[in-house]
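The values are calculated or read from the model by the stated rules, or taken from the named source; none is laboratory data. On a predicted model such as this, the values are computed, not experimentally measured, just so you know. Cβ coordinates were reconstructed from backbone atoms using ideal geometry, including for glycine residues, and neighbour counts include every protein chain displayed.
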Amino acid sequence: PTVEIEHLVVRHSADRAPALNGVSLTLTPGRRVALVGPSGAGKSTLLSALMRLVEPESGTIRVSGVDITELAADDTRRVMTGLTQDPYVFQASVKDNLRLAGPEATGEELAEAVRRARLERWVERTGWDAVLGEDGRTVSGGQLQRLALARALLNDPPVLLLDEPAEALDETAADALMADLLDATHGHTTLLVTHRLRGLEQVDEIVVLENGSVVQRGTHEELVGSPGYYR
Ligand code: ADP
Ligand code: ADP
C-alpha cells in the first residue's frame, strides 16, 4: 500500500509550538525512506501519528487512499508494523523465538512452509546459523534487534516502521546492525528513523526534519554535498 502523509500538524500541548508543522511524506510500495534530523525535530511524533498514538491537529494520513481515522486501530497495526525498542523474547532458542513469531504482529498465522522458507532466506542473508541455537535471552543487543527485525520480516508487513533501531548499541555494533538491516529490508516499504547517515545511499529518499518541518529531501547523492545537510 501507499502511505500518504499530507500537511500533518501535531501539537502535544496548546501552549507550545507544534511538534510537526505541516509535514508531507509519501511511502511508495517497495521503497525505503529514511527520516533524519536532530533530537526534538519531530521524528518520534511522526511515527506516533502513523501508529495513531497521537491525534493530528490537521492534515491527513492515507493508506491506499483511505484516511487512517476511518480504519480500525487493528487494521492500522496490520498495515504498519513497528519494532519495539525492547522486544519480548521467550526463554527459548533464537530459532524457536522466530518460529513463535507472528500472530501478535499480524493477527494471522502464516503457513508453516512459507515461514520456513522465509527463515531460511533470512539465515542465508545474515549468515546467522551460529546464532539460531543460542538462548534468545542471552544474545547481544545487536542480535536482539536482528531477532526483532527477522520476526517482523517473516510476516512480510506491508509497511515497516523502524525507530532508531541502533540506538542502544555501541558504534561498531550499530554499524553492523544498520548494514544488515539495510540489506534485509531491501524491497520492503520502509520508514527508517535514524540519526546514522552511514549506508543511507541505499535508501530511496532521505527526508530531513528540523523543528517540525521538512528542511531537505532527496537521495543521499543529492544531499551529501549540500550545505547544512544534517550530520
Ligand atoms: P527521542 O529523541 O528518541 O524522541 P526523547 O527523549 O525526545 O527521545 O523522547 C522520549 C519519549 O518521551 C518519547 O515517547 C517522547 O514522545 C516523549 N517526550 C519527549 N518530549 C516530551 C515532553 N516535552 N513531554 C512529554 N513527553 C515527551
Ligand atoms: P525526535 O523524535 O525527532 O527527537 P520528538 O517527536 O520526540 O522528536 O519531539 C518533537 C517535539 O515534541 C519536542 O519538542 C518534544 O519535546 C515534543 N514532544 C514529544 N513528545 C511529546 C509529548 N508526549 N508531550 C509533549 N511534548 C512532546
Pairing a residue in the stretch 21-47 that is farther than 15 Å from T81 by Cα and within 15 Å of ligand 1 (Cβ to nearest atom) with any residue that is part of a loop (DSSP other than H, G, I, E, B) and at pLDDT 95 or above, where Cβ atoms lie under 6 Å and the two sit 6 or more apart in sequence or on different chains, gives G42/A19; G42/G212; T45/A19
Filter the stretch 125-145 for residues that are surrounded by 18 or more Cβ atoms within 10 Å (Cβ to Cβ), small (G, A, S) and assigned to a helix (DSSP H, G or I) and give the result. G142
Of all residues in the stretch 36-50 being within 10 Å of ligand 2 (Cβ to nearest atom) and assigned to a helix (DSSP H, G or I), the one that is nearest to Q216 (Cα to Cα): K43
Within the stretch 20-30, the residues that are farther than 11 Å from S213 by Cβ and hydrophobic (A, V, I, L, M, F, W, C) are L25, L27
Since L177 meets every condition but one in (1) of a type outside the set (D, E, K, R); (2) buried (at least 18 other Cβ atoms within 10 Å of the Cβ); (3) out of contact with any Gly (no Cβ under 6 Å at 6 or more places or on another chain), which condition does it not meet? (3)
Residues in the stretch 187-215 that are touching a residue at least 60 places away in the same chain (Cβ under 8 Å), outside any strand (DSSP E or B) and either surrounded by fewer than 19 Cβ atoms within 10 Å (Cβ to Cβ) or away from ligand 1 (no atom under 16 Å from the Cβ) (or both) total 10
Within the stretch 1-18, residues being within 13 Å of ligand 1 (Cβ to nearest atom) and in a strand (DSSP E or B) number 1
Does L160 fit the bill of being part of a helix (DSSP H, G or I), touching a residue at least 24 places away in the same chain (Cβ under 8 Å) and either within 16 Å of ligand 1 (Cβ to nearest atom) or crowded, with 21+ Cβ neighbours inside 10 Å (or both)? no
Given the residues A101, A166, A150, which is the only one that is at pLDDT 75 or above and either of a type in the set (V, I, T) or not in a helix (DSSP H, G or I) (or both)? A166
Quick check on the stretch 163-179. Is at least one of its residues away from ligand 1 (no atom under 16 Å from the Cβ), closer than 18 Å to P87 by Cα and either touching a Leu at 6+ places or on another chain (Cβ under 7 Å) or not hydrophobic (A, V, I, L, M, F, W, C) (or both)? yes
Only one of V89, V23, V63, V33 is within 16 Å of ligand 2 (Cβ to nearest atom), in contact with a helix residue (DSSP H, G or I) (Cβ under 8 Å, 6 or more places away or on another chain) and not polar (S, T, N, Q). Can you tell me which? V23
Of the residues in the stretch 51-83, those that are assigned to a strand (DSSP E or B), within 19 Å of the chain's Cα centre (by Cα) and either among the hydrophobic types (A, V, I, L, M, F, W, C) or away from ligand 1 (no atom under 15 Å from the Cβ) (or both) come to I61, R62, V63, M80, T81
